[in-house]
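Accompanying notes for the structure given below.
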Amino acid sequence: MRTIKIFDTTLRDGEQSPGASMNLREKLEVATALVDLGVDVIEAGFAIASPGDFESVREVARVVCGSSVCSLARCVESDIDAAVESLKFAKQPRIHVFIATSPIHRDYKLKMTPEHNIDAVRSSVTYARRFCPDIEFSAEDATRTEIDHLCRIVETAINAGATTVNIPDTVGYATPTEMYERINNLFNRVPNIHKAVVSVHNHNDLGMAVATSLAAVQAGAGQIECTINGLGERAGNCSLEEVVMAIKTRRDVYNATTRIVTQKLVPTSRLVATVTGLKVPRNKAIVGQNAFAHESGIHQDGMLKNPTTYEIMTPSDVGFQKTDLVLGKHSGRAALADRAKTLGFELAGEQLTKVFAEFKKLADRKKNIYDDDILALIEQNIHEHPDNIDNNNWSLTAYNLNCQTGKEPSIVLTLCYKNKNYTKEIAAGDGPIDAIFLAIKELTNTNISLKEYNVQSVTTGQDAQGEVTILINKNNNTYRGYAVSTDTIEASATAILNAINRIQNEE
Ligand code: KIV
Ligand code: ZN
C-alpha cells in the first residue's frame, strides 16, 4: 500500500482566494493545526511576493516541526534567494520553483520559445538545488502543455535535481481520464521519472479537482496538492478533506493511504473558516454541517436499523463530535473549557476567562447554548477581536436607534476608545445598518466604504444569535469584520468596529 504525500497550500494558493487573506497570527495558528493534522508539506507562501509574505514564510518555518515548510519561487534567481532566506529556520525546507510551460502561457505571458523554457527550468532548478536538497518543480498549466514538451521539461527538472515534479491543472480544465493518461504518459516516457515523486495540483473550475487528483493517484502520482475547505484561486483547489477521505473510504480502489489524522479534519476546517471568514456551505462533503444529517424518514429508519445503510463513513471519523449536551446559565468554566476542547479549541488562562465572561452574558439572554453558539463566541472573542482584551480598540458602548417607515432613521451612538466614551447623533441613511455605519464612520473618522454585509443565524430558534460578516474597503484594501449577538444591530456595529480595529492595527 502506497502512502500518498499531502501537500497543503492553504497558506499560499488558498490565501489567494478573494477575501481569504490572513494575518501572521492567523497563519501561524493554521500552520500549527496543519502539523497536528499530519500534512507532509506546508506551502507557507511566496516569499518574494511582499515583505508580509516573506515574514509569514519565515515565521511559519521557525515554528513548524514535523512537516516540511515550503516557499514558492518563479524560475528567477532573486525569487529563489528570497525563498532560501525565508526558509533559513526551517527544520525541513523545500523550495518550490515553477514556470508556465503551455504554448498559451509561453507565447502570450512569457514570450518564450520552448528551448528557452527548458533552459529556464534547467538553470533555476540547478540554482535552487545548491541551497536545498528538497526541490519541487511545477510546470504551470501542465495539462494544456504539448505532451512531448512536458516530458522534456519533467526530464530536465529531474536531471537538474528536482525531487518532486508537479503537474498542475492550473485552470481546472482536465477531465479525470485525461489526467490519468497524462500521468501515465509521464511514467512511460520520461526515462528518469522514478527518481522523483510525481505530484498534482488541480484547480476546481469545472468542479473536478478532487476527481482529477484521484485519477492521478491511480496513474501513480505520489503527492496531492490541496487546501483546507478547497480554498484557492477562483473556484479553488482540490479539497484536502474530500481527497483524503476518498482515499481512506475507497482504499479498495486506490490501494493507498495518507498520514492525515482524519479526526482533525472538522476542527481544522472550522479554524480555517473562522480565520478566513469564508464559511463552509452546509452541504459541503465531509465537513459541512449537513454532511451526516439524515432528513428523510426512510433514511432515518434505515440509520436506526443499521447506520451503514446510509453512512459510508462515520461522523467521528472526520472529527464531528456528536453531542446532546446543551450548556446554559448554570454551566461552569470547566464545562465550557471541556466543550471547547471537544470542538477542537484548547482554551486556557486569559482566553478562557474572556470567552467564559461572554458565555455568561449570552446565557442571560439565551436559555440553551449549543455548540455553534460556543464556536461563534470563540470566533468573536479569540480570533476576530484578540486585541480587544486590553480595551485599546474601538468598541460599542450603547446605541439608541429610531426607525419609522418612510422616514430617515436617527441614531445616538456611543463608542469607547482607550477607555473614553464618544457620542454622535445623526439622522441619515437608508436603513438602520446604513445609519449605524455612517455614525461609526464619523465617530472613528475613517474613510471606509461597506463592500459586503451578511447576516445569518448561528442556530435555530427565536432566541438564536445573529452572525454578521462584513467586508470593508479602505484605500483599495479589503478588511473583514465579524461579530455575533442575539441583537443583530449590536452585532452589525461590532462587526464594523472589528474591521476598523483591524485597519488601525495594521496602520
Ligand atoms: O495553479 C498553479 O499552477 C499553481 C502553481 C504555482 C503550482 O498554483
Ligand atoms: Zn494553483
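Surface composition of the chain: carbon and sulfur atoms hold 49% of the protein heavy-atom accessible area at a 1.4 Å probe. Each peptide in 156-165, 282-291 receives the mean, over its residues, of other Cβ atoms within 10 Å, and ordering these scores from highest gives 156-165, 282-291. For segment 219-274, the spherically averaged projection of the C-alpha convex hull amounts to 4.4 nm². Protein heavy-atom accessible surface, 1.4 Å probe, per residue over segment 129-194: 40 Å².
Protection proxy ranking of 331-338, 261-268, 47-54, by the mean of other Cβ atoms within 10 Å over each peptide's residues and highest first, is 261-268, 47-54, 331-338. Both radii were evaluated on the Cα set of segment 324-386; the Rg over Rh quotient, with Rh as the Kirkwood radius, amounts to 0.91.
Wrap a convex hull around the Cα atoms of segment 3-57, take a quarter of its surface area, and give that in square nanometres.
Projected over every direction and averaged, the Cα hull of segment 3-57 covers 3.9 nm².
Calculated accessible area for segment 228-317 comes out at 48 Å² per residue, all protein chains present (probe 1.4 Å; ligands, DNA, RNA ignored). Per residue, segment 324-386 exposes 47 Å² of solvent-accessible protein surface, assessed with a 1.4 angstrom probe and all protein chains in place. Going by accessible surface with a 1.4 Å probe and the largest first, Ser138, Ser316 read Ser316, Ser138. Tell me whether segment 198-320 comes out rounded, prolate or oblate; compute the Cα gyration tensor, take square roots of the eigenvalues as a ≥ b ≥ c, and use a/c under 1.5 as the rounded threshold. Because a/c hits 1.5 or more and a/b fails to exceed b/c, segment 198-320 counts as oblate.
Do any GluC sites (Glu not before Pro) in segment 274-360 lie in a DSSP loop with no more than 15 other beta carbon atoms within 10 Å, and if so, which? Answer in residue order: Glu295, Glu311, Glu346. Taking the square roots of 5 times each eigenvalue of the Cα gyration tensor of segment 273-420, largest first, gives ellipsoid semi-axes of 37, 22, 15 Å. By the Cβ-Cβ criterion of under 4.7 Å, the unpaired cysteines of the chain are Cys65, Cys70, Cys75, Cys132, Cys151, Cys403, Cys416.
Partners of Lys27 within straight-line reach, counting lysines whose Cα lies under 27 Å from its Cα and excluding those fewer than 8 residues away in the same chain: Lys5, Lys88, Lys91, Lys264, Lys279, Lys284, Lys341, Lys354, Lys451, Lys474. For the peptides 91-104, 179-192, the ranking by mean Cβ contacts within 10 Å, running from highest to lowest, is 91-104, 179-192. FRET efficiency for the His299 to Asn184 pair, using the beta carbon distance and R₀ = 41 Å, is estimated at 0.55. Across the chain, Cα-Cα distances exceeding 32 Å account for 48% of all pairs. Out of residues 5 or more away from Lys284 or on other chains, whose amide H comes under 5 Å of its own, with H placed 1.01 Å from N in the peptide plane? Long-range HN contacts for Lys284: Gln289, Asn290.
The values are calculated or read from the model by the stated rules, or taken from the named source; none is laboratory data. Treat the numbers as computed from the prediction; the structure is a model and nothing was measured. FYI the Cβ positions are ideal-geometry reconstructions off the backbone, even for glycines, and counts take in every protein chain you see. Accessible surface is based on the protein model in full, side chains and every heavy atom, while ligands, DNA and RNA are left aside. Shrake-Rupley method; radii C 1.70, N 1.55, O 1.52, S 1.80 Å.
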